[in-house]
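The values are calculated or read from the model by the stated rules, or taken from the named source; none is laboratory data. Everything numeric in this text was worked out from a predicted model, so none of it was measured. Note: ideal-geometry Cβ built from the backbone for every residue, glycine included; neighbour counts use all protein chains shown. Please note that ligands, DNA and RNA were not included when accessible areas were found on the heavy atoms of the full protein model with its side chains. Shrake-Rupley method; radii C 1.70, N 1.55, O 1.52, S 1.80 Å.
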Amino acid sequence: MNLKFNHEKCSGCGVCKLACSIRNFEEVTPSKAVLRIEGLFPEPGNYHIHFCDQCGECAEVCPTEAIELQDGIYQINDDECIGCLACVEACPHGVMIIKNEDDIPAKCILCGECASVCPREAIVIYKEENEKECR
Amino acid sequence: MDGYAGKVLRINLDTDKIIKEPLSKKMCEEFIGGRGFVAKTLYKELPPDSDPLGKDNLFIIATGPLSGHFLPASGKTHFGSKSPATGGYADSNMGGHFGPALKYAGFDMAVITGKAKTPSYLYIKNDIIEIRDAKTYWGKGSLTCEEMMKKDLGEDFQILTIGPAGEKLVKFACISHDFGRQAGRTGIGAVLGSKNIKAIAVKGTGSIPVFDLKKAYAKGKQAFKKVAEKPGFKGWTPEGTAGITDWVNEVGSFPAKNFQTSHIDHSHMINGKKVLERLKITDKACYCCPTPCGKYGKTKTTLGTAYMEGPEFETISLFGGSCMLESIEEIAYANYLCDELGIDTISGASVAAFAIECYEKGLITKEEIGKEIKFGDFDSIVYLLDLMSLRKNALGDLLSQGVKIASEKIKKGSEKFAIHVKGLEWTGYECRNAPSMMLAYMTADVGAHHNRAWVLGHDVVGADTNVHDLIVAGAKSDRRPKAVIHYEDSAGYVIESQHLRPAFDLLGCCRLQMMELGFEVENYAELYGVITGRKIIWDDIIKISEKVWNLTRVIWAREIKGFGRKFDYPPARFYEETTPSGPNRGYYIQKEELDELLDAYYAQRGWDQNGIPTQGTLDAIGLSV
């Protein structure tokens, strides 16, 4: 599974961010979302979705190798994490967050919740075999 | 308290004292939130005889229990004060993302009093509250100021601003946010200007407690799904509110030439389709809104090029009808100018149309104005907007007071075509063939505004239906040839709508999913239940809405000496002149009929014949004032 982002369809409502936070952290706040919507106003007047493309930069900089690639998704092992937040700093998209309760980072695990709630198909789920259909 | 952030922020600008206090549970139970909080706070805390532009007036920001939660369009923010435009009760609301951010910062409401010594802005980042210097921003346009502040503070701050008109205390100055959302009405921007506050910036990263998060999330998802299944989801959303332009014109309710008549020949040039063809770049949504009515775009005209959000229906009807601009690009540019200068597009266009009619009738001179002006002339409209917003000469100064005060000074019969109720300019529906809608304007609790009750469909086709269905059915479907006044029916229908629409202003979410698409109200009662843990039915919310409506009337009666029936009349144009052209040519409504409408309305509300709530009525609805 992967996610596809159609920036031009995004209207900036932010429902994806709220759903992400509720689904993954049980918190009603978009600040905990592991994706961001940037409004480019007044010009050119559109939105850009910043998301985790599983590039692995976070894993590269992790001093304890707490971030590992599993089935195409970089996942944080909370037990191994020392909370240095080097990964948050290194994320090229600025979409890693810090969980409040224990000051350790969190990242996108491709749960697909953002896509499931997007009312405009600005974020859609696709699987490799039907990638063409979704494009 | 589940559903709410739990705190009220109080800022006294005279003393720089900042207090964070717990939100009253009793107030939440009795008034829910939003405009309920506004009315309750104004009633309780506004000092007697306060000058609306003086330091005693309150500037209130209020959200509701549903603001910021996972449900369709939970992004409304409400503002309240004593109105500079009317001297009476005022609330004005806007969409966008500000209210949710305030809740995530920990505050359901903010009450600002006093006056800052120098131009300032308020900085709110969770628990950090600061009154900061704003001299860099003072004098800047609303949109320019927001752009500057986003660069200075960060894109993730939600910012509201006023423009030069708010700084100069223009009585229809607005608040702007998110590059195109406004709390436009009642002169709320002038109240902020009178306090020397240019802007408020907020960033909130906290969470709002929910009674049953699992259920609330499931119900929220269900609500999004249900909205998406409504025909209007795909039918209404693309054009947004501008989609009703042709319908309103075809049924003869389009304000033309300062409401002289009710039909134009160029609606096909300025309708929703033209917004999409000529202007639109992107759909622009408020927080969690699946049906974005905001159409962000770019316009090119002979006087300049601009990026702007809109124009929405009201702006189209007032600039395209009342001012007679025939191109959507020109209307959009006028929209942009109002946004940047910081005035309400509705009042701004109405004041311009009023000035042009005064000039045509010889009541004001070319010398007083500074140039010749005429309907349909883009140069004239742009000139007038600048004149009134910046109070550039004696006439600009007069126009900045709104059409009521301007007509009282100009006199010579101009009062008859100063299109307002209680000092607030009339919005986009001409009503000589729409008695219920006329009554709705006459009795709206902020002055002539449509968002308290919209019953035009009832007048025209006798339909109790959503707007999308009306648009689809078209103007010709079973249309009443001439509105027949059924007094009890009209009064009852208006009252029902006056409780229904403002109920959403208590909850802190947008009403358009219900009004335009027909998303059922019961869904909101259920969402309220799972979010707050208080089980209620929709009728309970309506009862509180009725209570708030009565409280706002009590505030009017307290703030204005001699307040009563005479404040509820429309301008004489509507009962002394017949409609001169269009589908409703020759139609009229008499003053006696308006009085009978008011009689029926007051009786059904339990108010006396002067329109004041009786003690018995107040007791019966649980309003111990």
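A few comments on the model shown:
- Flag for A:Glu27 being within 14 Å of another protein chain (Cβ to nearest Cβ) and out of contact with any Ser or Thr (no Cβ under 9 Å at 6 or more places or on another chain): no
- Taking residues in the stretch B:559-571 that are touching a residue at least 60 places away in the same chain (Cβ under 8 Å), and partners anywhere that are open to solvent by 40 Å² or more (accessible area, probe 1.4 Å) and among the hydroxyl-bearing types (Ser, Thr, Tyr), the pairs with Cβ atoms closer than 9 Å and at least 6 places apart or on different chains are B:Tyr569/B:Tyr575.
- The criterion of at least 3 residues that are away from chain A (no Cβ under 14 Å) is met, among helices (runs of 4 or more DSSP H) falling completely within the stretch B:188-236, by B:188-194.
- Every listed requirement among (1) among the basic types (Lys, Arg); (2) crowded, with 23+ Cβ neighbours inside 10 Å; (3) farther than 30 Å from B:Val461 by Cβ is met by B:Lys422 save one, (3).
- For B:Gly252, the conditions (1) on the phi < 0 side of the Ramachandran plot; (2) open to solvent by less than 30 Å² (accessible area, probe 1.4 Å) are fulfilled apart from (1).
- Filter result (more than 7 Å from chain A (Cβ to nearest Cβ) and open to solvent by 10 Å² or more (accessible area, probe 1.4 Å)) within the stretch B:299-308: B:Lys300, B:Thr301, B:Thr302, B:Leu303, B:Gly304, B:Thr305
- Any hit, the stretch A:51-72, residues being within 11 Å of chain B (Cβ to nearest Cβ) and either open to solvent by less than 60 Å² (accessible area, probe 1.4 Å) or not in a loop (DSSP other than H, G, I, E, B) (or both): no
- Qualifying position, being of a type in the set (Asp, Glu) and touching a residue at least 40 places away in the same chain (Cβ under 8 Å), among A:Asp53, A:Asp78: A:Asp53
- Test for B:Gly68: is it closer than 30 Å to A:Cys16 by Cα and assigned to a loop (DSSP other than H, G, I, E, B): yes
- Some residue of the stretch B:448-470 being in the same structural domain as B:Ile264 (by TED's automatic domain parsing), touching a Leu at 6+ places or on another chain (Cβ under 7 Å) and either within 26 Å of B:Asn584 (Cβ to Cβ) or assigned to a loop (DSSP other than H, G, I, E, B) (or both): no
- The stretch B:208-244, subset touching a residue at least 12 places away in the same chain (Cβ under 8 Å) and aliphatic (A, V, I, L, M), residue most open to solvent (accessible area, probe 1.4 Å): B:Ala228
- Those residues of the stretch A:33-67 which are touching a strand residue (DSSP E or B) at 6+ places or on another chain (Cβ under 6 Å) and of a type in the set (D, E, K, R), in sequence order: A:Arg36, A:Glu38, A:Glu43
- Conditions (1) crowded, with 21+ Cβ neighbours inside 10 Å; (2) in a strand (DSSP E or B): number failed by A:Val34: (2)
The rows are residues; the columns are (1) farther than 19 Å from A:Pro42 by Cα; (2) within 11 Å of another protein chain (Cβ to nearest Cβ); (3) not small (Gly, Ala, Ser).
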{"residue": "B:Lys284", "(1), (2), (3)": "no, yes, yes"}
{"residue": "B:Lys295", "(1), (2), (3)": "no, yes, yes"}
{"residue": "B:Glu312", "(1), (2), (3)": "no, no, yes"}
{"residue": "B:Gly321", "(1), (2), (3)": "yes, no, no"}
{"residue": "B:Glu326", "(1), (2), (3)": "yes, no, yes"}
{"residue": "B:Ile343", "(1), (2), (3)": "no, no, yes"}
{"residue": "B:Ser347", "(1), (2), (3)": "yes, no, no"}
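- Meets criteria (crowded, with 24+ Cβ neighbours inside 10 Å, assigned to a helix (DSSP H, G or I), in contact with a Pro (Cβ under 8 Å, 6 or more places away or on another chain) and among the aromatic types (Phe, Trp, Tyr)) for B:Tyr441: yes
- Residues of the stretch B:311-326 classified as in a loop (DSSP other than H, G, I, E, B) and within 20 Å of B:Glu425 (Cα to Cα), total: 5
- Condition check for A:Glu121: closer than 19 Å to B:Cys288 by Cα, open to solvent by 50 Å² or more (accessible area, probe 1.4 Å), over 15 Å from the mean Cα position of the chain (by Cα) and touching a residue at least 24 places away in the same chain (Cβ under 8 Å): yes
- Flag for B:Thr282 being crowded, with 19+ Cβ neighbours inside 10 Å and within 21 Å of B:Thr237 (Cα to Cα): yes
- Residue match in the stretch B:567-584 (condition: under 30 Å from B:Lys476 (Cα atoms) and aromatic (Phe, Trp, Tyr)): yes
- Elements of type helices (runs of 4 or more DSSP H) contained in the stretch B:339-432, each with 2 or more residues being within 19 Å of the chain's Cα centre (by Cα) and modelled with pLDDT of 95 or more: B:345-360, B:403-410
- All positions within the stretch B:499-533 that are open to solvent by less than 10 Å² (accessible area, probe 1.4 Å) and of a type in the set (Val, Ile, Thr): B:Ile531
- Selection count where residues are open to solvent by less than 20 Å² (accessible area, probe 1.4 Å) and within 28 Å of B:Ile328 (Cβ to Cβ), scope the stretch B:360-413: 15
- Selection count, the stretch B:165-179, where residues are on the phi > 0 side of the Ramachandran plot and either assigned by TED's automatic domain parsing to the domain that holds B:Ala285 or buried (at least 24 other Cβ atoms within 10 Å of the Cβ) (or both): 2
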